[in-house]
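Below is one structure; the comments refer to it alone.
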Amino acid sequence: MNTDQAFELLRSAGVPDEKIIQIVRRWLREHKIKYAGNSSKANRKFEDTDQVIELLKDAGVEASTGLQIVQQWFHEGKIRKIGNREHINDYLSGNTTAHLIVSDQEKTVRELRVKLKAQDEHIKGMEEFYKHTIKELKQQREKLHKEIAELQNEKSLLQKETRRVLKENIELRNELLRLKENYSRQGKEEDEKKSQTVSPSTTPDYRRKLGLSKTAGEKEILAKFKKLLLLTHPDHGGNAAAFHYVKTDYDQYKNSLKGK
């Protein structure tokens, strides 16, 4: 402690200036303080309450007044920490008012400690909640990425299937149009009421209508007829008139086979 701190301490205790000078000179001789005037405020702090109490007690300051100063200076940050309880008890010397001041100070310290503990627990709880929330968000993000990947895969498969079905549909439609053209040339001239018995010599006409080679066998002709019946059937989106023409030829051809 330097002379500036000593003067400030004694003035706060209400000690007259003349007596302050005497006390400060004595403290300098006893090496209780050192001369270092005009020091910065950053360095003008007492180490603990024991140091301040010893000086106030040595200066003859009443315990009630001295402890009020100690309490005030501690709250203002001029004293770094609370010292030994024994120094305070010695300074009290049975002074009831001083006892009350110290008790109030201790009560304040206890309350501060309780608040700090509660804040620490609250902070700890918030940290745990934060960690738990982060963990859940990571799990949800991973699950979402997995679902997106599955949806993209399903989309790709669906697109491939759609292209395949579309290609097949186009091929079937083209074949149907070609067959409809063949039947439009042949069907209009044929008599729907002609005899059910057809000569085997007319078989090549069926091959030509169906777009088959002249060497196509009976199984190929029947398979072609069944495919056309499926394509032209009204229940499958086909044309009723075309189905009628195909069904008529199919029945005639089957009857011709029975006559063999």
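Every number in this text was worked out from the coordinates using simple rules, so none of it is lab data. Quick caveat: nothing in here was measured; it's all calculated off a predicted structure. Virtual Cβ from ideal backbone geometry, glycine too; neighbours counted across all protein chains shown.
Testing the spin-label approximation: label points 7 Å from Cα along Cα→Cβ at residue 28 and residue 57. State their distance in nm.
2.6
Let me know the shape class of region 106-191, please: from the alpha-carbon gyration tensor, a ≥ b ≥ c as square roots of the eigenvalues, rounded when a/c is under 1.5, otherwise prolate if a/b is greater than b/c, or oblate.
prolate
Report ³J(HN,Hα) in whole Hz for each residue of region 211-225, in order, from the Karplus equation J = 6.51 cos²θ - 1.76 cosθ + 1.60 where θ = phi - 60°; Gly and Pro get x.
Running phi through 6.51 cos²θ - 1.76 cosθ + 1.60 with θ = phi - 60° gives x, 9, 6, 5, 8, 5, x, 4, 4, 5, 5, 4, 5, 5, 4 Hz.
With θ taken as phi - 60° and the coefficients 6.51, -1.76 and 1.60, list the Karplus ³J(HN,Hα) couplings across region 107-113 in order, rounded to whole Hz; mark glycine and proline as x.
4, 4, 4, 4, 4, 5, 5
Just tell me which lysines come within less than 17 Å, Cα to Cα, of residue 254; anything on the same chain fewer than 8 places away is out.
The reachable lysines, counting only those whose Cα sits under 17 Å from residue 254, are 193, 194, 209, 219, 224, 226, 227.
Compute the length gained on full extension between residue 239 and residue 184: take 0.36 nm times their separation in residues and subtract their Cα-Cα distance, giving the result in nm to one decimal.
Roughly 18.5 nm would be gained on extension.
Once you place label points 7 Å from the Cα toward the Cβ at residue 164 and residue 112, how far apart are they in nm?
7.9
Among 232-238, 120-126, 61-67, what's the highest-first ranking by average C-beta atoms within 10 angstrom per residue?
By packing density, highest mean first, the sequence is 61-67, 232-238, 120-126.
Amide H neighbours of residue 233 under 5 Å, counting only residues 5+ apart in sequence or on other chains, H built in-plane at 1.01 Å?
Close amide H contacts, sequence-distant or interchain: 238.
Could you tally the net charge around residue 211, taking each other residue with its Cβ under 9 Å from the Cβ of residue 211, Lys/Arg +1 and Asp/Glu -1?
Around residue 211, the surrounding residues sum to +4.
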